[in-house]
Amino acid sequence: MKWSGSIDLAKNPDLKRVVDMFTSEKGKPKTRWTSQPLSEMLQSIADIGKVEIGYLMFAILWIYDDASEALHGTLYGSTFHVGIFHGKIPSSKEELTKNWNERFSALFLTLGTCIHTLIQSFNRVEAIGKIASQSDDNLKAISGIIKQLGEGHSS
């Protein structure tokens, strides 16, 4: 087979069908798996699963945009972890380490609350009370730690 520089989709109906699946009505590539906005996806999760979606909303606010930018290889996505776009470029190794620790702490907190939401969701389907109770205890413990840390910043 010789490459002619173009593909005649009319001669390749299977290929045309696949191309159409990933092409928007305006003829541009679809960049998302669904046309439903994230807010509607979360609302569907809340409605169908009877799940509290507050922590999932935090995940979108704290993780989704940065992760999306990183995956797409944008300038922001490749440098957000050093704090360049958050108002101040770290002036020392210690400040950079502090920025990383803050970002990773926020990431782990967000991922932990998402796991908590998942556990609570499973508990609604199949009784996993002991795990759900431990997840509640973990959430209360981390809330206490965050409160203590916040009080430490006010002094």
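Among the residues of region 111-155, which ones are among the small types (Gly, Ala, Ser) and assigned to a helix (DSSP H, G or I)? Even if it seems obvious, please write down each step before you answer.
Here is the first cut: in region 111-155, the ones among the small types (Gly, Ala, Ser) are 112, 121, 127, 129, 132-133, 135, 141, 143-144, 150, 152, 154-155.
Across region 111-155, the qualifying residues are Gly112, Ser121, Gly129, Ala132, Ser133, Ser135, Ala141, Ser143, Gly144, Gly150, Gly152.
If you check Ala106 against the conditions, is it modelled with pLDDT under 85 and not in a helix (DSSP H, G or I)? Step through it out loud before you land on a result.
Values: modelled with pLDDT under 85: yes; not in a helix (DSSP H, G or I): no.
For Ala106, the condition - modelled with pLDDT under 85 and not in a helix (DSSP H, G or I) - is not met.
How many of the residues in region 86-106 are free of Cβ contacts under 8 Å to residues at least 40 places away in the same chain and among the aliphatic types (A, V, I, L, M)?
Of the residues in region 86-106, the ones free of Cβ contacts under 8 Å to residues at least 40 places away in the same chain are 86-105.
Those left that are additionally among the aliphatic types (A, V, I, L, M): 89, 96.
Result for region 86-106: 2.
For Phe122, work out the one condition from (1) farther than 21 Å from Ile63 by Cβ; (2) of a type outside the set (Asp, Glu); (3) modelled with pLDDT of 85 or more it doesn't fulfil.
Result: Phe122 fails condition (3) only.
Over 22 Å from the mean Cα position of the chain (by Cα), β-branched (Val, Ile, Thr), modelled with pLDDT of 85 or more and surrounded by 12 or more Cβ atoms within 10 Å (Cβ to Cβ) - does that describe any residue in region 126-139?
yes
Identify, please: which residue in region 77-94 is in a helix (DSSP H, G or I) and exposed (fewer than 14 other Cβ atoms within 10 Å of the Cβ) and is, among those, modelled with the lowest pLDDT?
Kept after step one, since they are in a helix (DSSP H, G or I), are these residues of region 77-94: 77-82, 93-94.
Pick out the ones that are also exposed (fewer than 14 other Cβ atoms within 10 Å of the Cβ) and you get 78, 93-94.
Numbers: Ser78: 75, Lys93: 89, Glu94: 91.
Taking the candidates together, the pick is Ser78.
Check off (1) in a helix (DSSP H, G or I); (2) at pLDDT 80 or above for Tyr64 and give me the number that stays unchecked.
Tallying (1) in a helix (DSSP H, G or I); (2) at pLDDT 80 or above, Tyr64 fails exactly one: (2).
Residues that are more than 17 Å from the chain's Cα centre (by Cα) and surrounded by 10 or more Cβ atoms within 10 Å (Cβ to Cβ): list the helices (runs of 4 or more DSSP H) wholly contained in region 1-60 that include at least 2 such residues. Spell out how you get there, then give the answer.
Numbers: elements: 13-21, 38-49, 54-59.
Here the list reads 13-21, 38-49.
The values are calculated or read from the model by the stated rules, or taken from the named source; none is laboratory data. Here the structure is a predicted model, which is why all the values come from computation and not from measurement. Every residue, glycine among them, receives a Cβ derived from its backbone with ideal geometry; neighbour counts consider all protein chains shown.
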